Amino acid sequence: MQLNSVKEADVTDVLVVGAGPTGLTLACDLARRGVHALVVERADRLFPGSRGKGIQPRTMEVFDDLGVLDAIRAHGGPYPVGMIWQDGKRQGEHRMFDEVAPTETVPYAGSWMVPQWRTQEILFARLRELGGGVAFGRELTGLTQETDGVTATFTTGAPVRARYAVAADGGRSTGRRLLGVDMTGETVDPNPALVADVRITGLDRDNLHVFPPADGEGFLVLWPLPGVEDFQLAASFEDPASTPDLSLDGIRKLIATRTHLAPDAVTEVRWASDFRPRAAMADRFREGRVFLAGDAAHVHSPAGGQGLNTSVQDAYNLGWKLGAVLRGDAPDSLLDSYEEERLPVAAEMLGLSTRIHRGETRRGEATQQLGLGYRGCSLTVETRTGLPADALQAGDRAPDGTRGGVRLFDVFRGAHWTLVAVGTEVELPLLEGDLVRPIRVPAYEAYGSGVFLVRPDGYVGWAGDTAEGLTEYATRVGVLG
């Protein structure tokens, strides 16, 4: 794919620093809302590695809404069953995930494997379709805030003036450092690890291949990546003082030492990186007119497959709020809800990733991120009382389903709010304006009955047996302009 840069703009609505999954998701969401966002990336191209390859069901729903789901499905595949090897012989199968079947309310169950570089290409292509782009080779050097905007400077090119800025520039975020925001965390594992994209012969692509630790060495896993000839190699090392050799010769030696394969079975190393697993979170996600999102706000162990997914959903949460404020439909205070909602979620996912890394829990329902929500937050209003804990409530993800010939996710798709009257005779429309789409559906057990105002990010913002109080809520959050 040809990665053309956009012409640098001196003035923009939102400056997005970083063209990873977080920054590209946010730029796509803003572009479809008519918000001008400039994405700057210090590298001269998109990230080339497969690192964050696991797409969880909730993120698949986000990609459905953003119009990239078909491409994600076409270029990915389900996780294959693991095959355990010892002394060159197959010892049996190993399933890394608890199997979860799709349902009417959860159409995209189970993790979907897509190399991170491919996910970024798909998001980049979608951004181009929406009229946006990325300015490559622009490394951030300074951030200055005024009462009505932010000025950013770079190693090359003119300064950029924006009404808001988002630092989505990774775990070593320059934006976070310039803001003076600290990260608090822990070392999940003191031993180094290696991840690489390799071309290798002598292994089938029907399984992921697991080589358990032996003789004081760490584990080694080879994942066949869908749509390409590459395998992702992941390996751990038992000596905290060691430094993994990322060269072709070094990886060939690693393969020969820990598997039954000969060194020359590795024909190419396409990308490689080493790291020490850690869990850390920024002390705050907002500093004035600048927001932290993705790895700039939270760094996960890769074991749980939560980092990229939590990051994409940061962007999805922030996008509609920035759009409402920039349109003048909502006050700037709406943006305070970003940290209020996302910081606890990030903390929960960090804990989950760490427990999975340490073998304290399995990858299962919690890793799909479908149960995350915003009950009790300031943007959440539940007017009904006496509901059982497992009933759909304000703050929860709005389920999918088809009733009366209408699929709910089809109605939700887009930049609008959705007013859903379920099994009630309340008259529609209750809210006027182009920011809300009303729909009536028959009684549906996933919803019960009542009136539900679904946010642009697919969560129930307001719920009630009647519409009493709905207009007041809609005005506060910018639905009515």
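Overview of values
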item	result
Qualifying residues in the stretch 9-20 (those that are surrounded by fewer than 24 Cβ atoms within 10 Å (Cβ to Cβ) and among the β-branched types (Val, Ile, Thr)) - the one modelled with the lowest pLDDT	11
Unmet criterion (only one of (1) closer than 28 Å to residue 456 by Cα; (2) open to solvent by 10 Å² or more (accessible area, probe 1.4 Å)) for residue 47	(1)
Failed item in (1) touching a Pro at 6+ places or on another chain (Cβ under 7 Å); (2) within 15 Å of residue 302 (Cα to Cα); (3) not small (Gly, Ala, Ser), with residue 233 passing the rest	(1)
Subset tally (residues that are over 15 Å from residue 25 (Cβ atoms) and either surrounded by 24 or more Cβ atoms within 10 Å (Cβ to Cβ) or charged (D, E, K, R) (or both)) for the stretch 293-319	7
In the stretch 450-464, residue farthest from the chain's Cα centre (by Cα) [restricted to those that are among the aliphatic types (A, V, I, L, M) and under 9 Å from residue 419 (Cβ atoms)]	451
Residue that is nearest to residue 92 (Cα to Cα) [pool: residues in the stretch 198-220 that are in contact with a helix residue (DSSP H, G or I) (Cβ under 9 Å, 6 or more places away or on another chain), outside any loop (DSSP other than H, G, I, E, B) and touching a residue at least 60 places away in the same chain (Cβ under 8 Å)]	211
Test: residue in the stretch 112-126 that is closer than 19 Å to residue 370 by Cα and surrounded by 13 or more Cβ atoms within 10 Å (Cβ to Cβ)	yes
Selection within the stretch 40-62 - assigned to a strand (DSSP E or B) and either within 22 Å of residue 233 (Cβ to Cβ) or of a type in the set (Ser, Thr, Tyr) (or both)	54, 55
Counted residues, the stretch 252-292 - those being closer than 14 Å to residue 194 by Cα and of a type in the set (Gly, Ala, Ser)	2
Boolean, residue 168 is among the hydrophobic types (A, V, I, L, M, F, W, C), surrounded by 20 or more Cβ atoms within 10 Å (Cβ to Cβ) and either closer than 20 Å to residue 43 by Cβ or at pLDDT 95 or above (or both)	yes
Hits in the stretch 378-405 (condition: surrounded by fewer than 18 Cβ atoms within 10 Å (Cβ to Cβ) and closer than 12 Å to residue 422 by Cβ)	404
Residue that is farthest from the chain's Cα centre (by Cα) [pool: residues in the stretch 82-114 that are acidic (Asp, Glu) and in a loop (DSSP other than H, G, I, E, B)]	87
Neighbours by Cβ (under 9 Å, 6+ apart or cross-chain): first from the stretch 332-348, without any contact (Cβ under 8 Å) to a residue 60 or more places away in the chain; second among the acidic types (Asp, Glu)	338/314; 342/314; 345/314
Residues of the stretch 184-197 that turn out to be in contact with a Phe, Trp or Tyr (Cβ under 7 Å, 6 or more places away or on another chain), at pLDDT below 95 and part of a strand (DSSP E or B), as a count	1
Residue check, residue 175 open to solvent by less than 20 Å² (accessible area, probe 1.4 Å) and either in a strand (DSSP E or B) or of a type outside the set (A, V, I, L, M, F, W, C) (or both)	yes
From 244, 240, residue being open to solvent by 50 Å² or more (accessible area, probe 1.4 Å) and within 28 Å of residue 351 (Cα to Cα)	240
Search result, residues across the stretch 390-446 that are touching a residue at least 60 places away in the same chain (Cβ under 8 Å) and over 24 Å from residue 325 (Cβ atoms)	392, 393, 396, 399, 400, 401, 402, 409, 446
Hey, residue 323 open to solvent by less than 20 Å² (accessible area, probe 1.4 Å) and within 22 Å of the chain's Cα centre (by Cα) or not	yes
Subset of the stretch 152-165 (residues that are assigned to a strand (DSSP E or B), touching a Lys or Arg at 6+ places or on another chain (Cβ under 8 Å) and open to solvent by 50 Å² or more (accessible area, probe 1.4 Å))	163
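Rundown of residues vs (1) surrounded by fewer than 21 Cβ atoms within 10 Å (Cβ to Cβ); (2) in a loop (DSSP other than H, G, I, E, B); (3) modelled with pLDDT of 95 or more, yes/no style:
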{"residue": "7", "(1), (2), (3)": "yes, yes, no"}
{"residue": "22", "(1), (2), (3)": "no, no, yes"}
{"residue": "26", "(1), (2), (3)": "no, no, yes"}
{"residue": "30", "(1), (2), (3)": "no, no, yes"}
{"residue": "35", "(1), (2), (3)": "no, yes, yes"}
{"residue": "38", "(1), (2), (3)": "no, no, yes"}
{"residue": "80", "(1), (2), (3)": "yes, yes, no"}
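The values are calculated or read from the model by the stated rules, or taken from the named source; none is laboratory data. Quick caveat: nothing in here was measured; it's all calculated off a predicted structure. Here Cβ is always computed from backbone atoms with ideal geometry, including for glycine, and neighbour counts include all displayed protein chains. The area values use the complete protein model at the heavy-atom level, side chains included, leaving out ligands, DNA and RNA. Shrake-Rupley method; radii C 1.70, N 1.55, O 1.52, S 1.80 Å.
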